[in-house]
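Laboratory data are not the source of any read-out in this text; all were calculated from the coordinates shown. Because the structure is predicted, anything quoted here is derived from the model rather than measured. Note: ideal-geometry Cβ built from the backbone for every residue, glycine included; neighbour counts use all protein chains shown.
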Number of protein chains: 2
Amino acid sequence: MDALFTSPRLMNVRTLNKRVILNMIRFTPGGISRAELARQMDLTRSAISTIIDDLAHVGLVHEMDNGPATGGRRPILLEINPRHGYVVGIDMGASHLGIVVADFSAHVLEEREYPLAVEAGPEKCLAKVDAQLRELLSHLNLSMEDVMAVGLGVPGPVVADAGSVSAPPIMPGWDNYPIRDHLQKQWNAPVALSNDAELGALGEWAYGAGRGEQNLAYIKVGTGIGAGLLLDGQMYRGTTGSAGEIGHITIQDGGPLCTCGNHGCLEAVAGGGAIARKAGEAVRSGRRTQLSSIPVDHITARDVAAAARLGDLVAQQVLTEAGTYLGIAVASLVNLFNPSMVVVGGGVSQVGDLLLEPIRRAVRERSLRSAAQAVRITAAVLGRRSSSIGAVVQGIDLALDRLIEV
Amino acid sequence: MDALFTSPRLMNVRTLNKRVILNMIRFTPGGISRAELARQMDLTRSAISTIIDDLAHVGLVHEMDNGPATGGRRPILLEINPRHGYVVGIDMGASHLGIVVADFSAHVLEEREYPLAVEAGPEKCLAKVDAQLRELLSHLNLSMEDVMAVGLGVPGPVVADAGSVSAPPIMPGWDNYPIRDHLQKQWNAPVALSNDAELGALGEWAYGAGRGEQNLAYIKVGTGIGAGLLLDGQMYRGTTGSAGEIGHITIQDGGPLCTCGNHGCLEAVAGGGAIARKAGEAVRSGRRTQLSSIPVDHITARDVAAAARLGDLVAQQVLTEAGTYLGIAVASLVNLFNPSMVVVGGGVSQVGDLLLEPIRRAVRERSLRSAAQAVRITAAVLGRRSSSIGAVVQGIDLALDRLIEV
DNA sequence: CTCGTTTGTCAAGTAACTTAACAATGATCT
DNA sequence: AGATCATTGTTAAGTTACTTGACAAACGAG
């Protein structure tokens, strides 16, 4: 049916089967048996057995408990050997830096958040990332030698081949800087560079709200607004890596100036900056709100979210307005790409229904019925960790690729 | 890198390789040699040779001329055997019916256009399709026995498994009607049912403006407005087959009522109906235009397009306005999907730059720079035949599947 | 005319599966 | 409780579909 015009096979059959089996083991909660793998992959049990032998021999896969019987011998459940190595996931935002150290089954050992100013440029920022990571590792009695791979997310369009970003609106000075090569050299470990929203989608798909969904959109609402798209079970990056740039859809003609140079972008009316600005305006206009206790120029979106959760009406109104704008864009996204799930993440999304309800309403009102009925809209369950968990998943992917290709 | 979580392999390796080889032969203009196939598929020449032997033995593949030498023996170019069978492509629109009879290399033998009223419901319409097709075939001294497969496009969301449409705004009475089963029984030939915009994308990708593009969006502007999306070389249909419903993006808040029940949809302000309505309003308001010669209630989008091509200013203005609305939607699509090409097709698109320029301008002004720079926006080169050619391609796909699985 | 290339083919070898049979284990029926 | 039937995982032999390596045919260039 589809235009199957497959590109050259980059792996041989055995390697590909190993990767698929490893992924099924990784992403099946509670483990999976050889027999079940055989059924799902449409191979025989004997074929699976020999492959598992290979993987167990290298120490990548473990036998754990027996599963429940279904009228016969109990299955032996398999899991990834968590102790096979350590992986680092890094989420770089416009104003924050999240670092996670995890084992091979993506179990988080330690996580930290630091402030960061991306606009300081690549050299300074990457030096800070390096310093914080090393400190975090030494705290765990680990060093870079123990890290098998690193996943890194950045808030801009990524050129996969080059390992750099291209013309990122909120990362001035980073254009074409060889981020991946720089870090790989510095750390002597493989590094995967991706867009942060993309990683959010991957994280929520693997261990969050969108587990196993075939068509998932993850909307990251932070300083910028971006979407990560998982279509037909595959990450979709677009021609130049800038797919999912929902933040720069025009929502309000002649609206406020956006960092990208246009006017009225979603990001400029519903991003973290816009939320802070509107809250500040409300304070200035003398409205009664908890936010008055903060110097007007220092109000952040996080403050607004906190106030809203404590019941502050002005803060709630600002967020509802942002949700309505978001909803208009999400309704378009739902019409274009008919996902089974939309996950809203990023710092602001923690306020929950206050932001989600306007989005759901807009989708109900503006999207085509058959698409609107098929989609569930929820908040990220990994919270502000979606992207860094996604980065860990990418890191493990990369490590597995290296380990198996031998 | 990607989450490779492949579904069960539905074909064995040999069958899959045969399909891929056939597709490379089909879609390489001028034929392709065994050696070139080997290089592109990353197989050895001997492997390709045995597969080609198989295919030639069944009569699916032919040796044609020798290609030019590059310092050694001249390659033997291969092509699909056009005489292996006949295939039918059908494009059902809201108000028209296009039927194409083609050979196995998608060369069109005969094509016809008929008026049609989809709102008459499935029984009447499919009976008309049947009658016209049989007449067309007999004109070629063929009968349904000679037809190896049929591809059919309809203007609504398609449920692939069921072979029906679900809640189509412009196909009242067709909801859940078993279109595919009905026709397969009637014709005793395999039928592939798809969305018409999807087929337009496929047609333009295979033999039109978007040849070989990896990320292609085809926008069909007719009575309805829909998009067909080809992402990473694969057709993308969405969760319930309603991906690409760009026509029901809200463009003008509180705008005119759309067939879908919402207000201000793109389709309601830039679709064929809207174009006709706005032209009618211009005539009524007494503006000077060739369209005055037509009874106001009988003006169609086609009339407007014709007048515009003859230089009628009012008609041109109506189309430019439609183009601007289209551009707003396309700019959003470009931000979300970052395609390498957008092809504009459907009846109205024949006016060319009059419609395209406003779209290009909107994309330049409203889309993120890295996405806007990567995309080319052109008119369909297959004209109003995009979808029916796409239907032929689908038909051949289906026939090949049947022929090879044995 | 010779040399280096490229194409297509053939025979032998190999990777990676399937088939078929079996032991171990557990649920279910009487 | 015992017999029966399912289910899981393993093993050995067979098969598929490729690769390797060698070779003849065909062509351009020095």
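Some notes on this structure:
- This model, with +1 at the C-beta of Lys and Arg and -1 at the C-beta of Asp and Glu, gives the range A:209-381 a dipole about its Cα centre of some 260 debye.
- Relative to the longest principal axis of the Cα atoms of chain B, the long axis of helix B:386-404 makes an angle of roughly 30 degrees.
- Cα centroid separation, the range A:60-120 to the range A:16-50 (Å): 19
- Between this copy and the others, label points of residue B:35 are 5.3 nm apart in ascending order, each placed 7 angstrom from Cα in the Cβ direction.
- DSSP-defined beta bridges in the protein assembly as shown - what % are antiparallel, rounded to 5: 60
- Tilt relative to chain A, helix A:196-207 - C-alpha long axis, 0 to 90 degrees, to 10: 50
- Value in Å of the Kirkwood radius, where the protein assembly as shown supplies the Cα pairs that are averaged: 28.4
- Dipole of the range B:13-80, positive direction: furthest Cα of B:47, B:24, B:78, with charges on the beta-carbon: B:47
- Between the alpha-carbon centres of the range B:143-169 and the range B:336-369 there is a gap of 28 Å.
- Label points for residue A:67 are taken 7 Å from Cα along Cα→Cβ. From this copy to the others they lie 4.8 nm apart, shortest first.
- Expected-Rg normalisation [2.2 N^0.38 Å, Cα atoms] applied to chain B: 1.04
- Qualifying trypsin sites (Lys or Arg not before Pro) for the range B:243-341 [loop in DSSP, other Cβ within 10 Å: at most 16]: B:287, B:288
- Count, lysine Cα pairs under 28 Å in chain A, 8 or more residues apart or across chains: 5
- Likely footprinting exposure, A:332, B:370, fewest C-beta neighbours within 10 Å first: B:370, A:332
- Mean-square fluctuations from a GNM of chain B, with a 10 angstrom spring cutoff on Cα atoms, peak among B:89, B:212, B:224 at B:212.
- The alpha-carbon atoms of the range A:252-400 define a convex hull whose volume equals 145 cubic angstrom per residue.
- Cα-centre dipole for the range A:13-80 with unit charges at Cβ (Lys and Arg positive, Asp and Glu negative), debye to 20: 160
- A:148, A:92 arranged by Cβ crowding within 10 Å, fewest neighbours leading: A:148, A:92
- Taking the charge dipole of the range A:209-381 about its Cα centre, with +1 at Lys and Arg Cβ atoms and -1 at Asp and Glu Cβ atoms, the residue from A:367, A:223, A:249 reaching farthest to the positive side is A:367.
- Estimated [θ] at 222 nm from DSSP helical runs (n ≥ 4, -39500 (n - 2.57)) normalised by residues in the protein assembly as shown, nearest 500: -13000 deg cm²/dmol
- Qualifying GluC sites (Glu not before Pro) in the range B:298-406, where qualification requires a DSSP coil assignment and no more than 12 other C-beta atoms within 10 Å, comprise B:405.
- Crossing angle, helix B:272-284 versus chain B [Cα axis fit, 0-90 degrees, rounded to tens]: 30
- Using the Karplus relation 6.51 cos²θ - 1.76 cosθ + 1.60 with θ = phi - 60°, the per-residue 3J(HN,Hα) values for the range A:346-358 come to x, x, 5, 5, 5, 6, x, 4, 4, 8, 6, 4, x Hz, with x marking Gly and Pro.
- Trypsin sites (Lys or Arg not before Pro) restricted to DSSP loop in the range A:64-155 with at most 15 other C-beta within 10 Å: A:73
- Over the range A:1-139, the pair-distance histogram of Cα-Cα distances with 5 Å bins from zero comes to 2, 8, 14, 14, 12, 11, 11, 12, 9, 5, 2, 1, 0 percent, rounded to whole numbers.
- Computed magnitude of the charge dipole of the protein assembly as shown (debye, nearest 20; Cβ of K, R +1, Cβ of D, E -1): 380
- Residue A:127 label point (Cα plus 7 Å toward Cβ) to equivalent points in the other copies: 8.2 nm, shortest first.
- Charge context of residue A:262, other residues only, Cβ under 12 angstrom, K/R +1, D/E -1: -1
- Neighbours of residue A:226 by Cβ distance under 13 Å: Lys/Arg scored +1, Asp/Glu scored -1, total -3.
- The range B:374-391 versus the range A:255-309: alpha-carbon centroid distance in Å: 45
- Selected from B:346, B:235, B:273, residue furthest toward positive end of dipole (the range B:209-381; charges at beta carbon): B:346
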